[in-house]
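K.L.:
What follows is a structure written as structure tokens; I'll ask about it next.
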Amino acid sequence: MRRTPLVSVLAGLALALTACGGDGDGDTTTAGSGGGELTGRGPITLVSGKDRSGNMQKMVDGWNAAHPNETVRIIELPDEPNDQRQQMIQNATTRSDAYTVLNLDVVWTAEFAANRWLAELPKNQLDTAKLLPATVTTGEYRGRLYAMPLTSDSGLLFYRTDLLKKAGVSEPPKTWAEMWDACDKVKKLPEGKGVDCYLTEVGKTEGLTVTAAEAINSTGGNIVDASGKPAVNTPQAKEGVDFLVNAIKDGRMPKAALTLDGEGGRRHFQAGKLLFHRQWPYQYGLANTDDGSSKVVGKFAVAPIPGPNGPGAANLGGHNYAISAFAKNKATALDFIKYMADEKQQKANSLATSQAPTVAALYDDPEMIKKYPYLPTLKAAIQNAKSRPVVVRYGDVTAAIQGSVYDALGGKTPTGQAMTDLQNKLTELTTP
Amino acid sequence: MATTVKNRPDAVPRPAAGARRGRRPKGDAQSSRRLAAVLLSPTLLVLALVVGYPVIAGFRESLYSRGQQLDADGFVVEGERFVGLDNYTAVFSGDRGDAFWNAFYNTTFFTVTTVALETVIGVVMALIMHQAFRGRAFVRASILVPWAIPTAISGLLWRWIFQHDGVANAVLRQQVLWTADGLESKIAVIIAEVWKTSPFIGLLVLAGLQMIPREVYEAARVDGAGPLQRFWRITLPLVKPTLLVAVLFRMLDALRMFDLPAVLIGVNKDSVETLTMLSWFEANNVRYGSAAAYATILFVYIAVIAYLFVRLLGADIIGQAKQTGKQRQTRKKAKA
């Protein structure tokens, strides 16, 4: 009897070795990294997070009606972005052809492209000229286009028009100093009691990376410079992070911000306890919902985020469509991406979901502006916006940024020390 | 409960089997052994497949690395590389070494504090549930509620309680940032964990209590033992085997704690980062080799703790085997 488990363990071991040996020596020729032709026509899949509005299905139905032999099927992934990324990576590491068109978050492009998980897109066949230029950079890796920007997003400064008016401030602040001035004036009003001055996302999540990038870019600094080298031990980077550190230290930003995520911030703003709020545009509709959930209906407006000497540099969000390197029917996939990125589809999508388009002209479209009055402001923000670090090991880089900046904000380490530590960590992470 | 299951089969069929064994020819014993092997083999096969294979495959993975280098065009160099123990040495060196020892400390700290608190509270719960009083069924059911709630959900519930404008701060009339990164978050995790898992110990200890015969207490009372004496001298020794098993289970569970701190406080927070979270982070960043190394180290750590626990405190987890061993020894002695 004692021999039996040993035998099965050995069998298991043999199984393990053969099973794992298989995926290590896969041939590399199939990976379409060299900008090869996108060929093959037939049914494909579109892999994306939850289609909450049902509008994606509607657009796909439109395509399917016109292309009965090249139908698209939507594969819905979990709601959590990280889970989506995990599943897409799993599909890629097994070289499965189950996923064709991938709906990627803007920060994943570098990692997916560098791992040869994406097919390069032909720039001459896709009309990127009509898109906002900043959005196109989010689909590029080392000068090559790997993903077509479909939706965009950027931070805006939400501010309370009623309070500013009472305090005699006629314009939203363009600089940090103006913002603090306005706060001081509002603080003196009876209505200003219990209203926090400013809030941006500083909880230890991806939101903190966005916040840090915005603060550093606004001072003219960079987290990772154009050549791909980290540059956070510069005076500009320190000035940016110090703005956040001092905001908390001086009580401009509530200390509780360290525990709040984006939704926590929205609750705070909608409860009427916040004067200035850096937030994504999705809050606009929700804070204007007249069902009792918001106390600031009609009492706020948006402006570009402020910086040290003028408007700041907001950060880019959004989603891009890419083609899996291991997929079949890539020609169909390219046509489908063209269809989805088309101005007409983008407009319909924006009107249905409130996701911002990437086509520049749509920001001046009267019908769009009527539904989303913040669009001209958002256009200005996106034109001036920067992307988060374009690095292959993005997961490690964002965790390192969050760690160091959070320690500085919480008063654990002085800003200078935190930035030196971060520089060392990032140097290690970005050296090939 | 464990005691009865253990004693009965031993007490009755053993001598009979022993008696028969003497009469049977040798070949018979061999064939029955073979039959036992055949009958057990499906179980062993399944175990090898669902336990043995993953453990070995995980260990093998921990010796490899892939996709960590970029070529001149910015593409990841493909293919798996055998790196020997590099993944293990990397765990202990530099920044990652600090992170490892921090997580190691957190894991151990959470295990010691939560299990100690749970044991005390669980035993008290069991003593209360064991009393005969009106509404006993209701108390029993309500004590078990936390255990019935999935950990991720209880993590969410506690996050609401511990948020800056939540119930905890309202009750304390303080502005404590429980879910920021600090000692407060450790305390929050301990509170939520103890709340959730004390009923488990309570339930198991209750089962042990119900096995103690009433006569023992009556005899003690006749001899003039007070309630405290009865607890220390009778209840605790008699419930010890069950209690130790319950504590061992809780320890093994607490050592691989992940979901509660991850949901309640968040990932990548030094103050509550446990070893499983480090492994999760590595896997998340497509470094499966390194993730497997962390998992293997945790596996060894848990195995060592379990072994020491069984050895030092004599937790009767494999009680039957031990008892048969003893019986054989006594039989030998009797023969001599």
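K.L.:
Of a type outside the set (Phe, Trp, Tyr), at negative phi, more than 14 Å from chain B (Cβ to nearest Cβ) and touching a Lys or Arg at 6+ places or on another chain (Cβ under 8 Å) - does that describe any residue in region A:392-405?
P.N.:
Checking region A:392-405: not a single residue is of a type outside the set (Phe, Trp, Tyr), at negative phi, more than 14 Å from chain B (Cβ to nearest Cβ) and touching a Lys or Arg at 6+ places or on another chain (Cβ under 8 Å).
K.L.:
Which condition breaks for B:THR179 when tested against (1) surrounded by 13 or more Cβ atoms within 10 Å (Cβ to Cβ); (2) outside any helix (DSSP H, G or I); (3) more than 14 Å from every other protein chain (Cβ to nearest Cβ)?
P.N.:
Result: B:THR179 passes all but (3).
K.L.:
How many residues are within 14 Å of another protein chain (Cβ to nearest Cβ) and surrounded by fewer than 21 Cβ atoms within 10 Å (Cβ to Cβ) when one looks only at region A:92-114?
P.N.:
3
K.L.:
Here's another thing I want to ask about it. Restricting attention to region A:325-359, report how many residues are at positive phi and over 17 Å from the mean Cα position of the chain (by Cα).
P.N.:
Within region A:325-359, residues that are at positive phi and over 17 Å from the mean Cα position of the chain (by Cα) number 1.
K.L.:
Can you tell me which residue within region A:236-289, out of those that are part of a loop (DSSP other than H, G, I, E, B) and among the small types (Gly, Ala, Ser), is surrounded by the fewest Cβ atoms within 10 Å (Cβ to Cβ)?
P.N.:
Once the filter is applied, the top-ranked residue is A:GLY251.
K.L.:
Pick out the one residue from A:LEU422, A:LEU334 that is at pLDDT 95 or above, buried (at least 20 other Cβ atoms within 10 Å of the Cβ) and within 14 Å of chain B (Cβ to nearest Cβ).
P.N.:
A:LEU422
K.L.:
If you don't mind, another one. Among the residues of region A:145-171, which ones are of a type outside the set (A, V, I, L, M, F, W, C) and in contact with a Ser or Thr (Cβ under 9 Å, 6 or more places away or on another chain)?
P.N.:
Listed by number, the residues that qualify are A:TYR146, A:PRO149, A:THR151, A:SER152, A:GLY155.
K.L.:
For residues that are among the aliphatic types (A, V, I, L, M) and either within 12 Å of another protein chain (Cβ to nearest Cβ) or surrounded by fewer than 20 Cβ atoms within 10 Å (Cβ to Cβ) (or both), tally how many sit in region B:253-264.
P.N.:
3
K.L.:
Right, next: Condition (residue is assigned to a helix (DSSP H, G or I), more than 14 Å from chain B (Cβ to nearest Cβ), in contact (Cβ under 8 Å) with a residue 60 or more places away in the chain and not hydrophobic (A, V, I, L, M, F, W, C)) applied to region A:171-181: is it met by at least one residue?
P.N.:
yes
K.L.:
Quick one: which residue in B:LEU44, B:LEU35 is at pLDDT 90 or above and within 9 Å of chain A (Cβ to nearest Cβ)?
P.N.:
B:LEU44
K.L.:
Here is a further query. Hey, can you tell me all the residues within region B:49-70 that are more than 8 Å from chain A (Cβ to nearest Cβ) and not in a strand (DSSP E or B)?
P.N.:
Selection gives B:VAL50, B:VAL51, B:PRO54, B:VAL55, B:GLY58, B:PHE59, B:SER62, B:LEU63, B:GLN68.
K.L.:
Separate question: In the list B:ALA152, B:ALA132, which residue meets the criterion of being loosely packed, with under 15 Cβ neighbours inside 10 Å and part of a helix (DSSP H, G or I)?
P.N.:
B:ALA152
K.L.:
Read through the list (1) within 11 Å of chain A (Cβ to nearest Cβ); (2) part of a helix (DSSP H, G or I), then give the number of the only condition that B:VAL267 fails.
P.N.:
The failed condition is (2).
K.L.:
Does A:GLN355 qualify as being polar (S, T, N, Q), out of contact with any Asp or Glu (no Cβ under 7 Å at 6 or more places or on another chain) and within 14 Å of chain B (Cβ to nearest Cβ)?
P.N.:
Taking the combined requirement at face value, the residue does not satisfy it.
K.L.:
I've got another one for you. Being in the same structural domain as A:TYR363 (by TED's automatic domain parsing), in contact with a Phe, Trp or Tyr (Cβ under 9 Å, 6 or more places away or on another chain) and over 17 Å from A:ALA327 (Cβ atoms) narrows it down to one residue among A:ALA134, A:ALA92, A:ALA66; which is it?
P.N.:
A:ALA66
K.L.:
Okay, moving on. Counting only residues that are crowded, with 16+ Cβ neighbours inside 10 Å and under 28 Å from the mean Cα position of the chain (by Cα), which one in region B:71-89 is farthest from the other protein chains (Cβ to nearest Cβ)?
P.N.:
Among those that are crowded, with 16+ Cβ neighbours inside 10 Å and under 28 Å from the mean Cα position of the chain (by Cα), it is B:TYR88.
K.L.:
Right, here's the next one. Restricting attention to region B:273-294, which residues are more than 11 Å from chain A (Cβ to nearest Cβ) and among the β-branched types (Val, Ile, Thr)?
P.N.:
Residues satisfying the conditions are B:THR274, B:THR276.
K.L.:
Out of A:ASP261, A:ASP242, A:ASP225, I need the residue that is at pLDDT below 95 and farther than 21 Å from B:ASN169 by Cα. Which one?
P.N.:
Testing whether each residue is at pLDDT below 95 and farther than 21 Å from B:ASN169 by Cα leaves just A:ASP225.
K.L.:
Take A:ALA98 and decide whether it is closer than 22 Å to B:GLU78 by Cα and either in a loop (DSSP other than H, G, I, E, B) or assigned by TED's automatic domain parsing to the domain that holds A:GLY228 (or both).
P.N.:
It is true that A:ALA98 is closer than 22 Å to B:GLU78 by Cα and either in a loop (DSSP other than H, G, I, E, B) or assigned by TED's automatic domain parsing to the domain that holds A:GLY228 (or both).
K.L.:
For region B:90-114, which residues satisfy the criterion of being crowded, with 19+ Cβ neighbours inside 10 Å and away from chain A (no Cβ under 14 Å)?
P.N.:
Those that are crowded, with 19+ Cβ neighbours inside 10 Å and away from chain A (no Cβ under 14 Å): B:VAL91, B:PHE100, B:ASN106, B:THR107, B:PHE110, B:THR111, B:THR114.
K.L.:
Also, quick follow-up: So A:LYS187 fits all but one of (1) under 25 Å from the mean Cα position of the chain (by Cα); (2) of a type outside the set (A, V, I, L, M, F, W, C); (3) more than 23 Å from A:VAL297 (Cβ to Cβ); what number is the exception?
P.N.:
Result: A:LYS187 passes all but (1).
K.L.:
Going by the conditions given, is A:ALA322 crowded, with 23+ Cβ neighbours inside 10 Å, over 27 Å from A:LEU46 (Cα atoms) and within 17 Å of the chain's Cα centre (by Cα)?
P.N.:
Considered against the rule, which asks whether it is crowded, with 23+ Cβ neighbours inside 10 Å, over 27 Å from A:LEU46 (Cα atoms) and within 17 Å of the chain's Cα centre (by Cα), A:ALA322 comes out as no.
K.L.:
Turning to a different aspect of this structure: Would you check if there is a residue in region A:182-192 being in contact with a Cys (Cβ under 8 Å, 6 or more places away or on another chain) and of a type in the set (D, E, K, R)?
P.N.:
Yes, region A:182-192 has at least one match.
The values are calculated or read from the model by the stated rules, or taken from the named source; none is laboratory data. What you are looking at is a predicted structure, and each value in this text was computed from that prediction instead of being measured. Virtual Cβ from ideal backbone geometry, glycine too; neighbours counted across all protein chains shown.
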